[in-house]
Amino acid sequence: AGLARAEGAAGRDRVHAMEREMALRERVYRAFCAPRESFATNDEWNDYLEQREDIAFNLVEGIDQAETEERLRRVEVENADTIAANRAKEVEMEDAARPKASAMQIAEEEPELPEMAGNRAQRQKQLATLASGWSMELVKKRAIQEAFDCLVVPAMF
């Protein structure tokens, strides 16, 4: 039992490390958002990609953490407008791809079996929510807007 518990803990640690690496890499890739077309030569583009990978690798591996964070912060400040615009496009694309349920669709899915009558109250809540104009999309957009509003971009004087 102890071995199984230890293996489970090790597996959770690996998953946590992988999730951490993915989050760090996503942050770095969002900051390094210049398109290929903005570079005159392949060498300039490759240098840009190498800098991006160096920062990602150092953050994941914990190498020169303070210096690497500062390098990334500078890039994030330089590209703040582009990062925000790209994130807004991502949110719009996610919203467009998500199927929308109408109040009529929810009403048509009303359960018919007596043992499912407990779902009736939940469906009534969904109908009331849709009728009021509230949706999870609005909540998500508001959360994203608040996240961008609270970004503090240090002044570079």
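Using square roots of five times the C-alpha gyration tensor eigenvalues, list the equivalent-ellipsoid semi-axes of segment 52-95 in whole Å, biggest first.
26, 13, 6
Mind giving me the nanometre distance, one decimal, between the label points for GLU94 and ALA34, set 7 Å out from Cα along Cα→Cβ?
Label at GLU94, label at ALA34, 2.8 nm between them.
For segment 1-75, what is the accessible area per residue in Å², given a 1.4 Å probe and the full set of protein chains?
Per residue, segment 1-75 has 69 Å² of solvent-accessible surface.
Can you bin segment 1-82 into rounded, prolate or oblate? Criterion: square roots of the alpha carbon gyration tensor eigenvalues sorted a ≥ b ≥ c, rounded for a/c under 1.5, prolate for a/b above b/c, oblate for the rest.
Prolate shape, in that a/c is at least 1.5 and a/b is the bigger ratio.
If you plug each phi of segment 61-70 into the Karplus form 6.51 cos²θ - 1.76 cosθ + 1.60 with θ = phi - 60°, what whole-Hz ³J(HN,Hα) values come out, in order, with x for Gly and Pro?
Couplings: 8, x, 8, 6, 3, 5, 5, 5, 4, 5 Hz.
The values are calculated or read from the model by the stated rules, or taken from the named source; none is laboratory data. As the structure is a computational prediction, the values presented were derived from the model and not from experiment. Glycine gets a Cβ as well: all are built from the backbone with ideal geometry, and neighbour counts include every protein chain shown. Heavy atoms of the whole protein, side chains included, go into the accessibility calculation; ligands, DNA and RNA do not. Shrake-Rupley method; radii C 1.70, N 1.55, O 1.52, S 1.80 Å.
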